Amino acid sequence: MSAVGKSANIFWQECPVGKLDRQKLLKQRGCVVWITGLSGSGKSTLACTLGRELHSRGKLAYVLDGDNLRHGLNKDLGFSAEDRAENIRRVGEVAKLFADAGLICIASLISPYRKDRDSCRSILPDLSFIEVFMNMPLDLCEARDPKGLYKLARAGKIKGFTGIDDPYEPPLNCEIEIQQENGVCPSPCAMAGQVVGYLEDKGFLQE
């Protein structure tokens, strides 16, 4: 038995059916809608509402939810900086495959570190990575606390919780920013409509 190093003696296999063929079949263009923000900012709500809206329009989309992925693909990862980076790397690679298949991939993760999100952007073709920043204030997210995690973090029962004792690095040049208007959060349908409008304008909802 010989010891083979990482990525040695492997070759890319080209297939006769490519991305353009799949997009023609689906009558849409593959892309990744990457929703980032604090816990409780509304990422999953937007992702699911957006997925439903696209489905109602006859467009094929799939949601990659951060918590759901930790039940399977990423169940071996914790929440250290290194594990967070690997978590995002894996999701980025999966999202890239979905986009290559011609789907609109909706990735919903806190993804707190800017360099990890930028790494995901870098592996996708130009303009097909659409970063959506749920720019909601910490006090609002903590007041919502849908999973009770902020309460646990404040009590010291969770360490390294984003926004409490671990940083969140907001995007510098996101494609879409969703925030309160006059202190009022937009409805899920309004948020989804904002993203759908962007996808329409950029031609992702047509062949």
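The values are calculated or read from the model by the stated rules, or taken from the named source; none is laboratory data. Just so we're clear, the structure is a prediction, and the values are computed from it rather than from any experiment. Glycine gets a Cβ as well: all are built from the backbone with ideal geometry, and neighbour counts include every protein chain shown. The protein model used for the area step is the full one, side chains on, heavy atoms only, and it has no ligands, DNA or RNA in it. Shrake-Rupley method; radii C 1.70, N 1.55, O 1.52, S 1.80 Å.
Between rounded, prolate and oblate, where does segment 90-207 land on the alpha carbon gyration tensor, with a ≥ b ≥ c its root eigenvalues, rounded for a/c under 1.5, else prolate if a/b exceeds b/c?
It comes out oblate by the Cα gyration axes.
With a sphere of radius 13 Å drawn around the Cβ of residue 197, what net charge do the other residues whose Cβ falls strictly inside it have (Lys, Arg +1; Asp, Glu -1)?
Once positives and negatives cancel, what remains is -2.
Using +1 at the C-beta of Lys and Arg and -1 at the C-beta of Asp and Glu, which of 113, 50, 64 has the Cα lying farthest in the positive direction of the dipole of segment 49-121?
Towards the positive end, the residue furthest out is 50.
Explain nothing, just the number: relative contact order of the chain, from Cα pairs under 8 Å at least 6 residues apart, as a whole percent.
This gives 32 percent for the chain.
Taking N as the number of residues in segment 39-113, what is its alpha-carbon radius of gyration divided by 2.2 N^0.38 Å?
Taking the Cα Rg and dividing by 2.2 N^0.38 Å, one obtains 1.13.
Return the sequence-ordered ³J(HN,Hα) values of segment 60-76 in whole Hz as given by the Karplus equation 6.51 cos²θ - 1.76 cosθ + 1.60 applied to θ = phi - 60°, using x for Gly and Pro.
Ordered by residue, 3J(HN,Hα) equals 8, 9, 9, 9, 9, 9, x, 5, 4, 5, 6, 7, x, 3, 10, 5, 8 Hz.
First compute the accessible area of the chain with a 1.4 Å probe, then give the percent of it belonging to carbon and sulfur atoms.
That fraction is 54 percent.
Considering all alpha-carbon pairs of the chain, what whole percent are spaced by more than 31 angstrom?
Percentage above 31 Å: 22.
For the chain, what is the accessible area per residue in Å² when the probe is 1.4 Å?
On a per-residue basis, 57 Å².
Given charges of +1 on the Cβ of Lys and Arg and -1 on the Cβ of Asp and Glu, with all other atoms neutral, how large is the dipole of the chain about its Cα centre, in debye to the nearest 20?
My answer is approximately 480 debye.
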